[in-house]
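Right, one structure below, let's go through it.
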Amino acid sequence: MNVFSAAQRSRVTMLDVAKHAGVSKASVSRFIGDDRALLSDAIASRIDQAIAELGYQPNQMARGLKRGRTRLIGMLVADIRNPYSIAVMHGVETACRAHGYSLVVCNTDRDDEQERQHLALLRSYNIEGLIVNTLGHHRDELHELHREMPMVLVDRKVAGLDSDMVGLNNAQAVEMALAHLEQRGYRDVVLVTEPYDGTSSRVERVSSFQAQIAQRSLLSGTVLATGDNLTGALQSFLHKAGAGPKALFCANGVAALACVKALREIGCRLFDDIGVIALDDLDWYPLVGSGITALAQPTQEIGARAFECLLKRLRGDDEAARVLDFAPVLVERGSTRQSDGV
């Protein structure tokens, strides 16, 4: 039975194990490394027993550095408070764990200086690969890191970075939202997005929205950004004359929360005065009124596939950079149950 305290176990060395087992230090190194097959069953058994009795805990980081491998994957996220980021990060971490890797997450908090510092920090940890979901304003640093290690982008592109990209098919998501609203009888639609911040996914959603509105004769549409002016802008939208029933298309969960707060402040009757459809499908959506219709992103799969792409690169895959675009799933609730037709 191991009666050593945690502090005592942390001081046990490989040499202590070797002496206790009556073997060489090299044999202990082989046992805890990748060369256990070189040892006889008897020696391996003695080392295993000594480790158990002494409570020896190998320094995995030191071992990794010695071999040039740390089994650490870095992930850079723009805003860890964003539910999308948390969900994708969980998918990445689960996949990492299944393959014996650990995940180091750095949150830039949408701050350029934090992004720069975190990129330097991740490099100092000797990560083997990097998954990036951030603003990408430090392109030179990202390009330099990409020359040193595999890199996969999630949701957001970085100009000039020839890297695998995993995310949502934004054009398809917008088409699904507008087709659903049109079929449900809505005619005047506002897309509400967070400020661009150079974020490629937001730009793509707005561009797709404007292009598709122009092609749909039954719909009229405008774009609003979240911020201090949102409540006033939504109030003006509700009161102005329009082509028919009005609806909001929230470009992500953050925009959806901002819209619901603003509509409640205005005194809007959810969802009689206005319909709502939102990208992402967050836990609170079913709790608002009769529930918010959502375009659910397969965030778990997006995170897992991002790691799988990285793992292929770590194993030597040198094919051209690939783009994996996932389709959303429409989850219909009471917020868009307008009568069919005009």
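Within the stretch 263-287, the set of residues being in a helix (DSSP H, G or I) and either in contact with a helix residue (DSSP H, G or I) (Cβ under 8 Å, 6 or more places away or on another chain) or among the basic types (Lys, Arg) (or both) comprises LEU263, ARG264, GLU265, ILE266, TYR285. The residue that is surrounded by the most Cβ atoms within 10 Å (Cβ to Cβ), counting only those in the stretch 105-128 that are part of a loop (DSSP other than H, G, I, E, B) and touching a helix residue (DSSP H, G or I) at 6+ places or on another chain (Cβ under 7 Å), is THR108. The residue list ALA296, ALA258 contains one member that is under 25 Å from VAL105 (Cα atoms), in contact with a strand residue (DSSP E or B) (Cβ under 8 Å, 6 or more places away or on another chain) and either surrounded by 17 or more Cβ atoms within 10 Å (Cβ to Cβ) or hydrophobic (A, V, I, L, M, F, W, C) (or both), which is ALA296. Scanning the stretch 65-98 for residues that are in a loop (DSSP other than H, G, I, E, B), farther than 30 Å from TYR196 by Cα and at pLDDT 90 or above yields a count of 0.
From the list ARG322, ARG264, ARG305, the lone residue that is touching a strand residue (DSSP E or B) at 6+ places or on another chain (Cβ under 8 Å) and free of Cβ contacts under 8 Å to residues at least 12 places away in the same chain is ARG264. For the stretch 71-110, what are the residues that are in contact (Cβ under 8 Å) with a residue 24 or more places away in the chain and of a type in the set (Gly, Ala, Ser)? Hits for the stretch 71-110 are GLY74, ALA78, SER85, ALA87, GLY91, ALA95, GLY100, SER102. Counting only residues that are at pLDDT 50 or above and not in a loop (DSSP other than H, G, I, E, B), the stretch 1-24 holds 10 of them.
Those helices (runs of 4 or more DSSP H) of the stretch 147-262 in which at least 1 residues are over 26 Å from VAL331 (Cα atoms), at pLDDT 95 or above and more than 27 Å from the chain's Cα centre (by Cα), considering only elements entirely within it, cover 230-239.
I need the full set of residues from the stretch 174-193 which are closer than 20 Å to PRO298 by Cβ and surrounded by fewer than 23 Cβ atoms within 10 Å (Cβ to Cβ), in order please. Selection gives GLU175, MET176, ALA179, HIS180.
Can you report the number of residues in the stretch 129-142 which are surrounded by fewer than 22 Cβ atoms within 10 Å (Cβ to Cβ) and either farther than 17 Å from VAL77 by Cα or of a type in the set (A, V, I, L, M) (or both)? Of the residues in the stretch 129-142, 2 are surrounded by fewer than 22 Cβ atoms within 10 Å (Cβ to Cβ) and either farther than 17 Å from VAL77 by Cα or of a type in the set (A, V, I, L, M) (or both). From the list ASP48, ASP34, the one residue that fits, being farther than 18 Å from LEU130 by Cβ, modelled with pLDDT under 90 and in a loop (DSSP other than H, G, I, E, B), is ASP34. When SER163 is tested against (1) in contact with a strand residue (DSSP E or B) (Cβ under 7 Å, 6 or more places away or on another chain); (2) in the same structural domain as ASP280 (by TED's automatic domain parsing); (3) of a type in the set (Gly, Ala, Ser), only condition (2) is not met.
Scanning the stretch 260-306 for residues that are in contact with a His (Cβ under 8 Å, 6 or more places away or on another chain) and hydrophobic (A, V, I, L, M, F, W, C) returns a single hit, ILE277.
The values are calculated or read from the model by the stated rules, or taken from the named source; none is laboratory data. Bear in mind the structure is a predicted one, so any value in this text is a computation, not a measurement. Note: ideal-geometry Cβ built from the backbone for every residue, glycine included; neighbour counts use all protein chains shown.
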